[in-house]
Amino acid sequence: MVAVTRTAAELRAALAEFPGASRGLVPTMGALHSGHGSLVELARAHNDVVVVSVFVNPLQFEDLGDCEDYREYPRDLEEDVEFLRGLGADVVFAPAVAEMYPDGAPQIWVRTGSMGQRLEGASRPGHFDGVATVVAKLFQLTRPDRAYFGQKDAQQVAVIERMVADLDFDVEVVPAPIVRAPDGLAESSRNQRLSPEDRRRALALSRALFTLRDRVADGADPDVAGVRAELAAAEGVTLDYLEVVDPGTLAPLADDSLTRPLQRPALALVAAQVGPVRLIDNLRLTPRTRR
Ligand code: PAF
């Protein structure tokens, strides 16, 4: 049975039913699909109690939610609860905005600094501050032992891992691996909007990442500039960025370290428009270990 809670008090009461149990949190904005399902399954396998939050957080949208994207965001709690019941979640926390932000947008936010301003943050000012702020609140409200996020949103994972380290949250952040189609395309609900032709063109993104991964694993220099130029020239692909960054800080690696074999693991991230869809993908680059 899944307990559906709408307030902090109801959530506390539901959690009190499981004294001493280990707790996994899957934060979501609802409109749940199989990607969320794999996070819930992972949480189910690791924890006694699985809590799923369903909250469309206005702070991480343009103009603090005063925008079409926020208003039009799909919301169907009943359907989400049905989906979660099938996956064996124990508690759903689906607060109203007034429950989370009773005085309107909070005065005190988590500031993600340059980590939140680059890459995806460059086109969405304030987005990662909004994400970090709501996740901090959700951690306080649910007190999880572990929290689950999709690695597909690598910048979100890195920001939250950093918040946990910098602000001493007592929670383990568990990134769930990217699910890929056999041809390499990262699974995303947006892929449904790709025509067969665009879907084929979209493979250029994962191909670029695989090239970087293989070069680094072979002990060659990553040749990011060359791979970037090839991707930028790919038919039907409008490249936003292809970057190789430090996985802990998301700071770009110095130019000179990209023209020699990498000495430390790095993260390659890509974003591009293909047909009607903006796609993102990422891959960890692990240098060959010296014998
Ligand atoms: O990834 C999401 O769905 C959201 O950014 C999150 C983590 C639930 C915070 O609102």
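Over the Cα atoms of the chain, compute the convex hull volume and normalise it per residue, giving Å³.
Value for the chain: 147 Å³ per residue.
Quick check on the chain: of the DSSP beta bridges with both residues there, what percent are antiparallel, nearest 5%?
50 percent
Give the order of His46, His36 when sorted by the count of other beta carbons within 10 angstrom, beginning with the fewest.
Least to most surrounded, the residues fall as His46, His36.
Net charge around Leu11, counting only other residues with Cβ within less than 14 Å of its Cβ (Lys, Arg = +1; Asp, Glu = -1)?
Once all neighbours under 14 Å are counted, the net charge is +1.
Sort out the exposed loop GluC sites (Glu not before Pro) in the chain (DSSP loop, at most 13 other Cβ within 10 Å) and tell me the longest stretch that has none.
Counting at most 13 other Cβ atoms within 10 Å as exposed, the longest clean stretch of the chain is 73-234.
Quick one: Kirkwood hydrodynamic radius for the stretch 62-135, alpha-carbon pairs, angstrom, one decimal?
In the stretch 62-135 this quantity evaluates to 14.6 Å.
Just add up the charged neighbours of Lys152: K/R +1, D/E -1, any other residue whose Cβ is under 14 Å from the Cβ of Lys152.
Net of charged neighbours comes to 0.
Please grab the % of Cα pairs in the stretch 1-46 that end up more than 17 Å from each other.
Summing the P(r) of the stretch 1-46 above 17 Å gives 44 percent of all pairs.
So if R0 is 35 Å, what FRET efficiency would Asp218 and Asn191 give, r being the distance between their Cβ atoms, rounded to the nearest 0.05?
0.70
Given the options Ala254, Ala96, Ala202, state which has the largest fluctuation in a GNM of the chain using a 10 Å cut-off (strictly under) for Cα springs.
Judging by the Gaussian network model, the answer is Ala254.
Using helices alone, what [θ] at 222 nm do you get for the chain, with -39,500 (n - 2.57) per DSSP H run of 4 or more residues, divided over all residues and rounded to the nearest 500?
-11000 deg cm²/dmol
In the neighborhood of Phe55, defined by Cβ-to-Cβ distances under 13 Å, what is the net charge if each Lys or Arg adds +1 and each Asp or Glu adds -1?
Net charge in that neighbourhood comes out at +1.
For Thr249, project a label point 7 Å along Cα to C-beta. Then give me every residue of the stretch 97-140 with its amide nitrogen under 19 Å of that point.
111-122
Each reported figure results from applying straightforward, stated rules to the coordinates on display, with no laboratory input. Just so you know, these numbers come straight off a predicted model, no measurement behind them. Positions of Cβ are generated from backbone atoms using ideal geometry, with glycine treated the same way; all protein chains shown enter the neighbour counts.
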